[in-house]
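What follows is a set of notes on a single structure, which appears directly below.
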Amino acid sequence: MRFDNSALLIVGHGSTVNPDSSAPTLAHAAEIRHRNIFADVACAFWKEEPSLRDAISLFDPDTIKSVYVVPNFISEGYFTETVIPRELGLKGRITERPNGQVWTYCEPVGSHPMMTELLLQRAREIAPGVPETETSLLIVAHGTDLNENSAVAAKREAEKIRALGRYANVLNVYMEEFPLVSDWKVLTSTLNVVVVPFFISDGLHSYEDIPVMLGIIDRRSTLSAEAKYEEVFRRGPYKIDDRSLFYARSIGTDARVADIIVEQAAGGQTNGSRN
C-alpha cells in the first residue's frame, strides 16, 4: 500500500491540562512515518499545537497533491461531525482546495472493525487466566448530550462482543449518561469485572475520573497526576466487596491503532476514487 504524493494528517483532541493526552497520536504518527507509506505524516489538535486551522497550510501543494485526514477519535460525534470539518474547512468527504490539493476526510479510528479484537485483547491482557464465563466486561465511554452519536461506538462494540458469547455479561457504560460506570456494582453480579476505557489516551478521565467512579481511588487524593497514574495502572486486581475488579489502560494506547489509521486512510482513498 502506497500513498505517493500524499500526506496523512492525524487529528487528535489534545489537552491544555494533560500534555500526555496527545502521546498516543504522536506515537502512532511516528510509527506510520517510519513505514514510509506516505510522502508526509503530521498531527494536528483541537487543544494543542499545531492547531487544526494551522494544519490547512502544513503541506506544500507543489509536492503534496492529496491529504488524508483521519480523526484519532473513538466515536462519530460532535468533534468528528462538527468541529474538525469546520476548523479544517472541509465541505464533505472530498474537498478540493484553491491550491489544487484534494483533502479526503476519513472515518474515525473507533469505527474500524479491528477495534473489537483490540478490546478483547486488552481485556485478556489485564485479567490473564480469569474465566471469561465468570466475568463481566465493561466498556467505558464518555457520553455527552452534545451529540447523540457519541455513545454509539461503545454500544456497537459491546453488542458485537456480547454476540460472541464469551463473557457472562458485556455492558457499555458511560461517565455522563446512563448506564453510569459508577453503578457497576448493581449493573453486574459476577465475581470478576474487567473495565476497559474506550478512550484514545490515558488522560484525566482514565487515571482519575473513572477510577473515582469505580471506587478504586479517592477523589480527595493529593497525589500528583504521575503518582495517580502509577497507582491506578500498576495495582490490581482491586478487591471490592469480595469481588475482583480489573482496570485496563485506554484502548487508544494500543500500538495496533497505527494499523487502523492506515486502513482508514486506505478506505478514504477508495471512496475518494469512486466519488
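If you check residue 138 against the conditions, is it at pLDDT 95 or above, of a type outside the set (D, E, K, R) and over 23 Å from residue 110 (Cβ atoms)? Against the criterion (at pLDDT 95 or above, of a type outside the set (D, E, K, R) and over 23 Å from residue 110 (Cβ atoms)), residue 138 does not qualify.
Conditions (1) at pLDDT 95 or above; (2) out of contact with any Gly (no Cβ under 8 Å at 6 or more places or on another chain); (3) over 30 Å from residue 154 (Cα atoms); (4) assigned to a strand (DSSP E or B), marked per residue:
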{"site": "48", "(1), (2), (3), (4)": "no, no, no, no"}
{"site": "60", "(1), (2), (3), (4)": "yes, yes, yes, no"}
{"site": "75", "(1), (2), (3), (4)": "no, no, no, no"}
{"site": "84", "(1), (2), (3), (4)": "yes, yes, no, no"}
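Of the residues making up the range 1-32, just one is out of contact with any helix residue (DSSP H, G or I) (no Cβ under 9 Å at 6 or more places or on another chain), in a helix (DSSP H, G or I), modelled with pLDDT under 95 and not small (Gly, Ala, Ser), namely 19. All conditions in (1) touching a residue at least 24 places away in the same chain (Cβ under 8 Å); (2) in a loop (DSSP other than H, G, I, E, B) hold for residue 118, with the sole exception of (2).
Annotation note: Cβ proximity below 8 Å between a residue of the range 249-266 that is farther than 22 Å from residue 36 by Cα and a residue that is in a helix (DSSP H, G or I) and among the hydroxyl-bearing types (Ser, Thr, Tyr) (sequence gap 6+ or interchain) occurs for 249/206; 250/206. Among the residues in the range 234-249, are any assigned to a helix (DSSP H, G or I) and at pLDDT 80 or above? Within the range 234-249, none of the residues are assigned to a helix (DSSP H, G or I) and at pLDDT 80 or above. Could you tell me whether any residue of the range 78-101 is among the small types (Gly, Ala, Ser), open to solvent by less than 20 Å² (accessible area, probe 1.4 Å) and in contact (Cβ under 8 Å) with a residue 24 or more places away in the chain? No, because not a single residue in the range 78-101 is among the small types (Gly, Ala, Ser), open to solvent by less than 20 Å² (accessible area, probe 1.4 Å) and in contact (Cβ under 8 Å) with a residue 24 or more places away in the chain. Restricting attention to the range 23-44, does a residue exist that is on the phi > 0 side of the Ramachandran plot and touching a residue at least 12 places away in the same chain (Cβ under 8 Å)? No, the range 23-44 contains no residue that is on the phi > 0 side of the Ramachandran plot and touching a residue at least 12 places away in the same chain (Cβ under 8 Å). Among the numbered criteria (1) open to solvent by 50 Å² or more (accessible area, probe 1.4 Å); (2) assigned to a strand (DSSP E or B), which single criterion is violated by residue 138? Here residue 138 meets the rest and fails (1). Output the residue which, of all residues in the range 165-222 that are crowded, with 20+ Cβ neighbours inside 10 Å and of a type in the set (S, T, N, Q), is modelled with the lowest pLDDT. Within the range 165-222, the match that is modelled with the lowest pLDDT is 206. The residues of the range 33-46 that are hydrophobic (A, V, I, L, M, F, W, C) and part of a loop (DSSP other than H, G, I, E, B), listed by number, are 37, 46. Scanning the range 175-207 for residues that are touching a Phe, Trp or Tyr at 6+ places or on another chain (Cβ under 8 Å) and not in a strand (DSSP E or B), we see that the one that is nearest to residue 140 (Cα to Cα) is 181. Inclusion of residue 73 among residues that are touching a helix residue (DSSP H, G or I) at 6+ places or on another chain (Cβ under 8 Å), touching a residue at least 60 places away in the same chain (Cβ under 8 Å) and closer than 22 Å to residue 259 by Cβ is warranted. Of the residues in the range 37-61, how many are among the charged types (D, E, K, R), surrounded by fewer than 17 Cβ atoms within 10 Å (Cβ to Cβ) and farther than 16 Å from residue 21 by Cβ? Number of matching residues: 3.
The values are calculated or read from the model by the stated rules, or taken from the named source; none is laboratory data. What you see is a predicted model, and the numbers here were worked out from it, not measured in a lab. FYI the Cβ positions are ideal-geometry reconstructions off the backbone, even for glycines, and counts take in every protein chain you see. For accessibility, only protein heavy atoms count, side chains too; no ligands or nucleic acids. Shrake-Rupley method; radii C 1.70, N 1.55, O 1.52, S 1.80 Å.
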